[in-house]
Each structure stands twice: as C-alpha cells, then as structure tokens.
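Structure first, then comments.
The values are calculated or read from the model by the stated rules, or taken from the named source; none is laboratory data. Predicted model only: the values in this text are computed from it and were never measured. Glycine gets a Cβ as well: all are built from the backbone with ideal geometry, and neighbour counts include every protein chain shown. The accessibility values were calculated without ligands, DNA or RNA, using every heavy atom of the protein model including side chains. Shrake-Rupley method; radii C 1.70, N 1.55, O 1.52, S 1.80 Å.
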Amino acid sequence: MGKNKGPDPPNFQKYGVPFYSAAWVPYKSIKFDQKEDREQSTDEVSGGHKSSTAPESSAAQDYVVFAGGGGEGGSGIPNAVVLSRFDSASYALSDQPVAKLGTGSHLPYRMAVHPGGDGLVCSFPKSCRWFEWDGEKSEEAHELGLKSSDKVLTKLKDVGQQLALAFNNEGSALAAGGDDGNLRVFMWPSMEIILNEASAHTTVKDLDFSLDGKYLVSLGNRGPARVWDMTSSTVVASLSKENDEIFSSCRFSESNDKNQVLYIAAVTDKGGSIVTWNTNTWKRIRTKPVVRDTISAFNVSPDGKLLACGTTQGDILILNSTSMRVQTIVRKAHLGFVTALAFSYDSRGLASVSLDSSARVTLIEDKKNTGGLSLWVIVFIILLAIAVYFMKNEGILN
C-alpha cells in the first residue's frame with residue numbers, strides 16, 4: 001500500500017477486483033430466516049417457554065459490500081459483488097470475502113443498499129439487478145451471505161448504464177440517474193414511477209435524497225445542479241456554478257443547529273472545494289477549498305459531523321463539518337484514485353475503495369478529549385497572564 005514496503009495493515013485488503021462502489025450493510029435491520037423462530041414454535045406447541053428474542057449479534061458484527069471489476073474482454077479481471085466482514089475490535093477487514101458473487105462479463109458499477117435490510121440494487125451496463133442477503137441467524141452462527149435475487153427490476157431493465165443510485169432514508173423511494181441523462185424515481189418496492197425526466201442532465205453523475213425525502217438533488221456532467229420536489233415532481237431550484245467549478249458529488253445532511261444543509265463537492269483548477277447550500281433559500285452559505293488535488297469521492301457521516309473526501313492521488317481526508325478543517329488525513333490510503341467512500345451507520349468507520357482492487361476501513365478518531373485539553377490550556381494561559389499582571393502591580397514581581 002502506497003510507498004510502505006512492509007505488510008499491509010489489517011484494515012486494508014485487496015480482493016482482486018477494481019472497485020467502483022462501497023456500502024455498509026444494515027445488519028440489525030436484516031430479516032433473517034431465524035432458526036430460533038422455528039425452534040420457538042416447536043417449544044410453544046410442546047409447552048416450552050423459549051424466549052422470542054433472537055440473540056443479539058456481536059457489537060463487532062459489521063459487514064461492508066463492494067462492487068466492481070474489469071468489464072468486458074479477456075483481461076482476466078473478474079466482475080463481482082464482494083461482501084466482507086469488518087471487526088472493529090481487531091481493526092481488521094476479513095482477508096477473504098465472506099461472499100463473492102461473480103457477474104460474468106457484466107461490470108457492476110454503482111449500487112444502493114436498502115436501509116431496511118431488504119437487499120441492494122446494483123447497476124450494470126444495460127440494466128440494474130437486485131441482490132438479497134443470505135444466511136441463517138442462530139446461537140451457533142451469525143454469518144451473513146449474499147445471493148442473486150429472482151426479483152426482476154423490470155422498470156430498470158434495458159435502460160442503459162445508470163451512473164447513480166440512491167434510496168431515501170425510509171427506503172420507500174429509489175432514484176436512478178443514467179448515462180443518457182434520464183432521471184427516474186420509483187416508489188419502493190412497487191416500482192411505481194414518481195418521476196421520469198428524460199433530459200434532467202446530459203449525463204447524471206450523482207444524486208441524493210434530503211433527510212426527510214422531500215427533495216432530490218441531481219448533478220450532471222455540466223451545467224447547474226437541480227433540486228426536485230418529490231411531491232410535485234418538479235424542479236424547485238437550480239444551483240449555479242461559479243468560475244471554473246465542476247460539481248462532482250452531492251449529499252444532504254444536518255447541521256449543528258438541526259437545520260438541513262446540502263453539500264456539493266466541486267473541482268476547480270486550484271483543487272477541490274466543498275460548497276454548502278441553505279435548503280430553505282437554496283443560496284450558497286460558503287465555499288471552502290479543502291484540498292489541492294481533485295476530489296474523486298465524497299460523503300457525509302450519518303450524524304452530520306464529518307465530511308470525507310477521496311482524491312485522485314489516493315488520499316483520504318476527514319473534515320469537521322462545522323469548521324471545515326481537516327481532522328484526519330490518510331496519505332496514500334490507496335495506490336489508485338479513490339472511487340467511493342461510505343460511512344458506517346454509527347459514523348465511526350469510513351470504508352473506501354479504489355481501482356487498485358483495494359478496500360479499506362478507517363476508524364474515526366475521537367477528537368473530543370483533544371479539544372477539551374486545548375480549551376483547558378487556553379484557560380490556564382489566560383489565568384496565568386492575569387496572575388502575573390496583578391503580581392507585577394503589587395510589586396511581587398519586578
């Protein structure tokens with residue numbers, strides 16, 4: 001990894017697949033085929049009293065799913081959706097995938113995991129496919145798996161390459177943005193059309209739902225970003241670029257004052273910036289340059305406190321969303337440029353992937369103690385200065 005000639009750290013693994021997307025699995029929301037349920041039914045019939053509560057999995061029971069590959073051709077690089085396990089106690093990604101589903105000559109590009117644990121949708125060159133979690137939860141085993149689903153997403157069949165996919169927070173709507181500029185939003189799981197805009201952009205690069213699901217923001221390869229009202233299925237705002245900006249990624253979040261904000265990662269000749277937007281007026285709040293390199297991936301933590309940027313140089317930056325100051329930098333986290341970033345549901349871990357076939361999980365350092373120490377140091381210096389001042393006035397110090 002990077003210029004380090006020693007062994008790779010346990011939180012960094014290579015799985016032989018160039019990755020384009022990454023997401024954490026909502027493990028606690030998955031509806032397993034539970035062995036306990038069947039045993040409980042038997043016990044109830046025979047007069048037994050078995051607890052109806054399934055055993056809680058380990059706190060370190062975290063799974064991350066990745067997707068990518070070498071595309072068509074005889075390169076020998078597989079196309080696959082890969083499921084890996086992360087153990088926070090040992091700070092380690094499993095050295096071998098928990099599950100690895102080959103997809104033949106079809107490259108899985110972007111994906112969206114259903115927040116309610118139903119499964120995940122993944123985009124391929126011509127269509128989108130649905131995958132489901134597999135496994136049986138019991139006292140002996142809690143291993144998770146992944147399998148192809150028999151469910152066919154008819155409305156996303158033969159629609160061409162989808163470059164962006166997203167569920168809303170409730171999991172009741174799915175948005176898909178295509179290479180052809182077509183933006184589609186469906187009710188989930190009925191797949192009833194909510195919005196179908198054939199010319200939303202020349203090409204849809206990224207999209208995201210607001211926290212309440214009322215709005216959807218979409219970015220194109222050029223021109224302004226657009227904000228769509230999901231109730232009326234109309235554009236309610238057009239977010240213009242300034243100077244030589246190129247919008248690359250967008251995410252809604254919540255600020256410290258509990259107001260909703262929109263972040264857009266922008267690329268300029270001088271490097272990468274984060275633009276913050278007011279979601280009531282749709283006006284810019286501020287534009288903050290954060291890195292001299294190009295931002296190739298961007299995301300926001302679920303608690304809204306952190307922003308993450310991946311660069312074309314393979315670096316990862318984690319920023320405080322209030323101050324916009326860089327909190328952590330992982331230089332050469334990957335040899336290739338960072339293609340996707342995903343925060344864990346508790347905002348404590350950041351998964352990142354690259355075209356160099358590597359996956360990494362970075363644990364977020366708690367800066368509270370450091371901040372508190374700095375405050376006490378400042379207070380101590382002020383009190384010391386006051387004491388010295390009075391001692392001089394009293395003639396105690398010459």
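Which members of the range 204-227 meet the condition of being more than 15 Å from the chain's Cα centre (by Cα) and among the acidic types (Asp, Glu)? If the condition is that a residue be more than 15 Å from the chain's Cα centre (by Cα) and among the acidic types (Asp, Glu), then 212 is the only one that fits. When restricted to residues that are out of contact with any His (no Cβ under 8 Å at 6 or more places or on another chain), over 19 Å from residue 115 (Cβ atoms) and open to solvent by less than 10 Å² (accessible area, probe 1.4 Å), the range 167-194 contains 1. In this structure, residue 208 qualifies as touching a Phe, Trp or Tyr at 6+ places or on another chain (Cβ under 6 Å), modelled with pLDDT of 95 or more, under 20 Å from residue 109 (Cβ atoms) and not β-branched (Val, Ile, Thr). Taking the stated definitions as given, is residue 13 at pLDDT 95 or above and polar (S, T, N, Q)? Yes; evaluated as a whole, the condition is true for this residue.
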